[in-house]
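The values are calculated or read from the model by the stated rules, or taken from the named source; none is laboratory data. Note that the coordinates shown come from a computational prediction; the quantities given were computed from them, not determined experimentally. Backbone-built Cβ (ideal geometry, glycine too); neighbour counts: all protein chains shown. Please note that ligands, DNA and RNA were not included when accessible areas were found on the heavy atoms of the full protein model with its side chains. Shrake-Rupley method; radii C 1.70, N 1.55, O 1.52, S 1.80 Å.
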Amino acid sequence: MLIPLPPSEGKTPAAKGPAIDWEALSFPELNPYRAKVLDALGTVSAHEDALALLGVGASLRDDVERNTRLHAEPAAPAHQVYSGVLYDALGFGTMTPTQRRKATESILVVSALWGAIGFGDHVPAYRLSMGTALPDVGRLASYWKPQLTAALAGRTEGELLVDCRSSTYAAAWAPPPAQTVSVNVFTEANGKRTVVSHFAKHTRGELARHLLTRRGKTPATPVQLLKATQEAWTAELVEGTARKPHALNIILRG
């Protein structure tokens, strides 16, 4: 089982430690593409209109300034750097050592800057969204899509993919539909379903935690995933097609 996650918008910088070791990152074949994005991000972040170009507010000025020195910034494991609603619900820090090993092996973070990294890879905190376009790189989702398709093919072979990414990050990589289940979250009240956003992040984090910490065999098929999910939620499975992944719909009562 492989669980693709989006990064968090907010990140926790490492207080100290060595800078990023590029060769230690998962999927080192992506390094030339990572370096190009990093250089373009540094250039944009040093521009007087950097906040507008990156689509962020004045409160994030320090984060954007940090983008100009990422080669030298301290790096920390991805599970420490990424924070926010989904990662709080995942609760990596409260897992047992065995559960943490399983999480590190199973979680893949799709990133605007790094393309894709493992959960234990050491990276610095940065500010960049997949919806951004950078000079000489273009729209990041389009830039990364062919690179991730090639780099991740071997990693996904034979795995059930429980895709907990948001649509912005899902646009950067389309894993094989037959073995992929996208996770959707709805609220239901008076027979009417509504798509949720904030609670979707939280619920996806909870689902990832449930799958990584529950007893029993790890789900290997979409039907097994549905049954595991129904241990904690009301859920249904929508069968995919040759081009469209399966969909796991989790229903929260409104």
Check your understanding: So for region 43-147, taking the charge dipole from beta-carbon charges (+1 Lys/Arg, -1 Asp/Glu), which of 97, 71, 86 sits furthest toward the positive end?
Key -> 97
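Computed over the Cα atoms, what is the radius of gyration of region 41-187 divided by 2.2 N^0.38 Å, N being its residue count? The partial results should precede the final answer.
Working: Rg = 16.3 Å, N = 147, 2.2 N^0.38 = 14.7 Å.
In units of the globular-protein estimate, region 41-187 measures up at 1.11.
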Revision key, fill the gap. Against the 2.2 N^0.38 Å rule of thumb, the C-alpha Rg of region 156-254 sits at a ratio of 1.04
Practice item. Give the carbon-plus-sulfur fraction of the accessible surface of region 61-182 in %, rounded to a whole number; probe 1.4 Å, heavy atoms of protein chains only. Key: 51 percent
Point to revise | Dipole magnitude of the chain about its Cα centre (Cβ charges: Lys, Arg +1; Asp, Glu -1), debye to nearest 20 | key: 760 debye
Check your understanding: Once phi is turned into θ = phi - 60°, what whole-Hz ³J(HN,Hα) does the Karplus curve with 6.51, -1.76 and 1.60 give for every residue of region 98-105, x standing for Gly and Pro?
Key -> 5, 5, 5, 4, 5, 5, 4, 6
Practice item. Pop the C-beta distance of residue 227 and residue 99 into the FRET formula with R0 = 25 Å and round what comes out to the nearest 0.05. Key: 0.80
Study note, to complete from the structure: Computed over the chain: longest principal axis from alpha-carbon atoms vs helix 31-45 long axis, angle to nearest 10 degrees, is 60 degrees
**Study point:** Contact order relative to length of region 109-235, as percent, for alpha carbon pairs under 8 angstrom and 6 or more apart
**Key:** 17 percent
Review point. For residue 136 and residue 155 in one chain, what is 0.36 nm times their gap in residues minus the Cα-Cα distance, to one decimal in nm?
Key: 4.0 nm
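Tally Lys and Arg at +1 and Asp and Glu at -1 over the other residues with C-beta under 15 Å from the C-beta of residue 57: what net charge comes out? Show your work: numbers first, answer last.
Values: positive: 61, 127; negative: 9, 49, 62, 63, 65.
Here the count lands on -3.
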Study note, to complete from the structure: Among [x] 1.01; [y] 0.97; [z] 1.09, the entry matching Cα Rg over 2.2 N^0.38 Å as calculated here is [x]
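First select every other residue whose beta carbon is under 15 angstrom from the beta carbon of residue 95; then total the charges, Lys and Arg +1, Asp and Glu -1.
On the way: positive: 100, 101, 102, 209, 214, 215; negative: 88, 105, 206.
Counting the neighbours of residue 95, the net charge comes to +3.
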Practice item. Identify all aspartates and glutamates with a Cα-Cα distance to residue 244 below 16 Å; exclude those on the same chain that are fewer than 8 residues away in sequence. Key: 163
Check your understanding: What angle do you read, to the nearest 10 degrees and between 0 and 90, between the alpha-carbon axis of helix 140-151 and the longest principal axis of the chain?
Key -> 70 degrees
Study note, to complete from the structure: Per the charge dipole of region 140-220 (beta-carbon charges, Lys/Arg positive, Asp/Glu negative, Cα centre), the residue among 142, 220, 210 reaching farthest to the positive end is 210
Exercise for review: Please report, in debye to the nearest 20, how large the charge dipole of region 14-68 is about its Cα centre when each Lys and Arg carries +1 at its beta carbon and each Asp and Glu carries -1 there.
Suggested key: 80 debye
Practice item. Return the distance in nm (one decimal) between the two label points of a simple spin-label model at residue 215 and residue 244, each offset 7 Å from Cα along Cα→Cβ. Key: 3.9 nm
Review point. Can you flag which of 145/227; 145/201; 192/217; 102/201 are past 26 Å Cα-Cα?
Key: 145/227; 192/217
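For residue 71, what charge total do you get from the other residues with a beta carbon under 12 Å from its beta carbon, if Lys and Arg give +1 and Asp and Glu give -1?
Values: positive: 34, 66, 69; negative: 21, 39, 73.
Local net charge: 0.
For region 125-209, rounded, prolate or oblate, judged on the Cα gyration tensor with a ≥ b ≥ c (square roots of eigenvalues), a/c < 1.5 rounded, else prolate if a/b > b/c? Intermediate results must be reported in sequence, preceding the final value.
Values: a/c = 2.32, a/b = 1.40, b/c = 1.66.
Note, shape of region 125-209 comes out oblate.
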